[in-house]
Amino acid sequence: MANLKDLKNRIKSVKSTQKITSAMKMVAAAKLRRAQENAEASRPYSTRMSAIINSLASKASPETAPALLAGTGNDNRVLLIVLSADRGLCGGFNGSIIRSTRRQVESLNKEGKTVELLMVGRKAKDALQREFRDIIVDTKEGVQGTAVSFADIDGISDIIIQRLENGDLDRCQIIYNRFVSAIAQEVTIDTLIPITIEQDVDAGTDDMAAAPYEYEPDEATVLEDLLPRNLSTQIYAAVLESSASELAARMTAMDNATRNAGDLIDRLTMVYNRSRQAAITTELIEIISGAEAL
Amino acid sequence: MAETTAFELVTPARIMMAIDASMVVVPGSMGLFGAMPRHAPTISTLQRGVVEVYVNGNVSNRIMVDGGIVDVTEDRCTVLAERAVNLDNADRSDLEAQRQTANNNGNAREEEFLDAAISAL
């Protein structure tokens, strides 16, 4: 059995770990609220944006539609945007993203497509750069948390648009953790290019027929102006979802860690008390047998 | 009370402003135009400029936007803009600080926009 001093030190160190994890939990909880508010506040913009895109896209003919809307017509090169965290200690958050990315790359490769990766966030890059070194086109860090600026996102969509224009890309997908609730996050793969036009377009056109819109300067120009913005908006929304998920995952993970530390402290304290009593008993026996021997 | 149109200015971060206005003048890419109640449904792109919101015949709010899109129907007017600065409660030194940060980050687009916003104050 370990001696008393060792046990005492052990208990002390677990206690300080517990303090850290519980502080991290509180920080994550406070930030989570803000991140959730951010994610909710960004929704009106993206819903209005997609409503306009939907009504425009249903009018555009497939032949003349811009590549950002309809794709290039081919489907050989896929760019996968991977959103992970810059920091660890958030439970299965990064692990599930990494696993899904690997699976997605494999299944796309099996279909004979060329896959490239754009990593946003350090953790997934660190984990995947060994096996996918050749197909990672770029890495962005620091694009997350509670203060994501739209300008950072523009940088990402610029890369995508550049590659689309150069003909290096036919399809663009984004893989991220969707925020379901504080205890559940779901890995989601969305296709950014080509844009999937929602099925309730019929209802939309009825509405539009009742109130025919005028477009200034004209439909094609509006669409051309809108599509890059829409791309940024979608990425922005995904980043916000991912940030909220990260904080939620960290909160849960740190809550568990705090509880585990508590259990461990209880167990160690019990062992400590037992050994202390055992030591006292031994000492007493020694004294008594010494006295009896006289 | 006179008829009003429901004006909303939405940025990616939040709904920046939502009021009932008697007229909204927006910097369309084909030139300024005013959106009043019962305006024909129009979707127009915007250029950098100032959105002026009129309530009861007076300008009540001025907002600098960096392009975007406006969706006008008979009873509402929604402006979607990536960057927007409310000129009524903006602080010159604040904007200048922001411009400095944009400059340090090499973000030319943001810097230009803030420049324009400062000179429109």
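The numbers here are math on the coordinates, done by the rules we state, and not lab data. Here the structure is a predicted model, which means the values were calculated and not measured. Backbone-built Cβ (ideal geometry, glycine too); neighbour counts: all protein chains shown.
Computed quantities for the displayed model
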{"quantity": "Taking B:Arg38, A:Arg10, B:Arg83 and counting other C-beta atoms within 10 Å, the order from fewest to most", "calculated": "B:Arg38, A:Arg10, B:Arg83"}
{"quantity": "Within the stretch A:228-294: Cβ-based charge dipole about Cα centre, in debye rounded to nearest 20 (Lys, Arg +1; Asp, Glu -1)", "calculated": "380 debye"}
{"quantity": "Relative exposure of A:Arg276, B:Arg99, B:Arg92, judged by other C-beta atoms within 10 Å (fewest first)", "calculated": "B:Arg92, A:Arg276, B:Arg99"}
{"quantity": "Under 12 Å, Cβ to Cβ, from A:Ser22 - net charge with Lys/Arg +1 and Asp/Glu -1", "calculated": "+3"}
{"quantity": "In nm, spacing of pseudo-spin labels at B:Ser119 and B:Arg38 (7 Å Cα→C-beta vector)", "calculated": "4.0 nm"}
{"quantity": "The stretch A:1-108: C-alpha gyration tensor shape, a/c 1.5 cut-off, then a/b vs b/c", "calculated": "oblate"}
{"quantity": "Distant-in-sequence amide H partners of A:Asp138 (H built 1.01 Å from N, under 5 Å)", "calculated": "A:Met119"}
{"quantity": "Using alpha-carbon coordinates, inclination of helix A:219-293 to the longest axis of chain A, degrees", "calculated": "10 degrees"}
{"quantity": "Helix A:150-165 axis, angle to chain A major axis (alpha carbon atoms, nearest 10°)", "calculated": "50 degrees"}
{"quantity": "Debye, to nearest 20: dipole size of the stretch A:36-251, +1 on Lys, Arg Cβ, -1 on Asp, Glu Cβ", "calculated": "1320 debye"}
{"quantity": "About the Cα centre, charge dipole magnitude for the stretch B:5-86 (Lys/Arg +1, Asp/Glu -1 at Cβ), debye", "calculated": "160 debye"}
{"quantity": "Charge dipole of the protein assembly as shown about the Cα centre (unit charges at C-beta), most positive-ward option of A:Ala65, A:Gly95, A:Pro194", "calculated": "A:Gly95"}
{"quantity": "Farthest toward positive dipole pole in the protein assembly as shown [+1 Lys/Arg, -1 Asp/Glu at C-beta], among B:Thr11, A:Met24, B:Ala40", "calculated": "A:Met24"}
{"quantity": "Highest-fluctuation residue, A:Ala248, A:Ala85, A:Ala279 considered, GNM on chain A with Cα pairs under 10 Å", "calculated": "A:Ala279"}
{"quantity": "Choice from B:Asp88, B:Asp71, B:Asp20 with maximal GNM fluctuation in chain B (Cα, 10 Å cutoff)", "calculated": "B:Asp88"}
{"quantity": "Degrees separating the helix B:108-120 axis from the principal Cα axis of chain B, which is the longest one", "calculated": "60 degrees"}
{"quantity": "Rg(Cα) / (2.2 N^0.38 Å) computed for the stretch A:216-267, rounded to two decimals", "calculated": "2.26"}
{"quantity": "Global form of the stretch B:5-86, assessed from the alpha-carbon gyration tensor, a/c cut-off 1.5", "calculated": "rounded"}
{"quantity": "Candidate lysines for bridging to A:Lys15, where Cα separation is under 23 Å - those fewer than 8 sequence places away on the same chain excluded", "calculated": "A:Lys5, A:Lys25"}
{"quantity": "Net lengthening on full extension, A:Thr196/A:Asp126 (0.36 nm per residue, minus Cα-Cα)", "calculated": "22.0 nm"}
{"quantity": "Other-chain or far-sequence residues with amide H under 5 Å of A:Gly71's (modelled H)", "calculated": "A:Ile195"}
{"quantity": "Computed label-point distance, nm, for sites A:Asn9 and A:Ile287 using a 7 Å Cα→Cβ extension", "calculated": "2.9 nm"}
{"quantity": "Which of B:Val72, A:Ser13, A:Met49, positive extreme of dipole for the protein assembly as shown (C-beta unit charges)", "calculated": "A:Ser13"}
{"quantity": "Gyration tensor (alpha-carbon) shape descriptor, chain A, a/c threshold 1.5", "calculated": "prolate"}
{"quantity": "Proxy reagent accessibility, fewest Cβ within 10 Å first, across A:Tyr176, A:Tyr213", "calculated": "A:Tyr213, A:Tyr176"}
